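The values are calculated or read from the model by the stated rules, or taken from the named source; none is laboratory data. Since we're looking at a predicted model, the values are computed, not measured. Cβ placement follows ideal geometry from the backbone for every residue including glycine, while neighbour counts extend to all protein chains displayed. Just the protein is used for accessible areas: all its heavy atoms, side chains included, with ligands, DNA and RNA removed. Shrake-Rupley method; radii C 1.70, N 1.55, O 1.52, S 1.80 Å.
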Amino acid sequence: MTIDISPSILNCDFAHLADELDAIRNADWVHVDVMDNHFVPNLALGMPIVESVVKTTSVPVDAHLMIEDPDRWAPAYAEAGCSSVTFHAEAAQAPIRLARYLHQHGVRAGLALRPATDIQSFVDILGEFDTVLVMTVEPGFGGQRFLDTMMGKIRRTREALTALGADTSIQVDGGISRATIARAARAGATNFVAGSAIFHADNPTAEVEALREAALAAQEADV
Ligand code: DX5
Ligand code: ZN
């Protein structure tokens, strides 16, 4: 399985956004965290930033909506040029309808789960999604510690996808670094969001490659 590295710009230097995006031009996605101060206790990165990012980079944009009522707000992120839109299972009223809407507009659809949300209730609808995001921290802030306790959920998600025959990718987000990425890869994740590990590194471009190498090595060791 291929590995995707998705740098989260949540804690990048917004005074130099174009330079920060240039430093991660070798990434597979640019991960943009949208927070509404209701679904999570933080307010961050709305539509103007998304539009600037889409205009400034050729790397596809992956919007992670940590907001209430994604049924109402997600379509605008598709229209703004995001290539993938992920919304939270806990917040969506009609996740299948929303996933199909995104697909009709040529955008990939992702379903995100907070750490305390069980995958079991969503197994039957995973085939509707291109990505399932297993949060490895409580959503809301960068720089938190990776939750090792999520490895069981990633494994169960991988087993469920294999049983379904679905090619939905498993994304992890929160606390991903050189120290943790191998564990998540061995559990079955293939798409890795990393914020502080990349943007606080001396060389973000090299860090993207180091994370990719570490995930690939873990995946190959497991075969
Ligand atoms: C947290 C966000 C993450 C965050 C990750 O709720 O969804 O994308 O930026 O940051 P790190 O990699 O520092 O944990
Ligand atoms: Zn995120």
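You can think of it this way: the chain between Ala116 and Leu216 has 33.2 nm of extra reach, that is 0.36 nm per residue less the Cα-Cα gap. Near Arg114: Cβ cut-off under 9 Å, other residues only, Lys/Arg at +1 and Asp/Glu at -1. The net charge is -2.
Quick one: grab the alpha carbon gyration tensor of the range 97-201, order the square roots of its eigenvalues as a ≥ b ≥ c, and give me rounded if a/c is under 1.5, else prolate or oblate depending on whether a/b is larger than b/c. Prolate is the answer for the range 97-201, as a/c is 1.5 or above and a/b outweighs b/c. The modelled label-to-label distance for the pair Asn37/Ala18, using points 7 Å beyond Cα in the direction of Cβ, is 3.1 nm. Here the range 38-125 is treated as a Stokes sphere of Kirkwood radius computed over C-alpha pairs; at 10 °C and 1.306 mPa s its diffusion coefficient rounds to 118 µm²/s. For Asn191, the shell of other residues with beta-carbons less than 13 Å away shows a net charge of -3, using +1 for Lys and Arg and -1 for Asp and Glu. Positive end of the dipole of the chain (Cβ unit charges, origin at the Cα centre): among Val208, Val137, Gly106, the Cα lying farthest that way belongs to Val137. If only the Cβ of Lys and Arg carry +1 and only the Cβ of Asp and Glu carry -1, the dipole of the chain around its Cα centre is close to 440 debye.
Once the 1.4 Å probe is applied to the protein heavy atoms, the range 22-106 comes out at 44 Å² accessible per residue. Please report the spacing between the Cα centers of the range 101-122 and the range 141-182 in Å, no decimals. Going from one Cα centre to the other spans 14 Å.
Carbon and sulfur together cover what percent of the accessible area of the chain at a 1.4 Å probe radius? Of all accessible area on the chain, carbon and sulfur atoms account for 49 percent.
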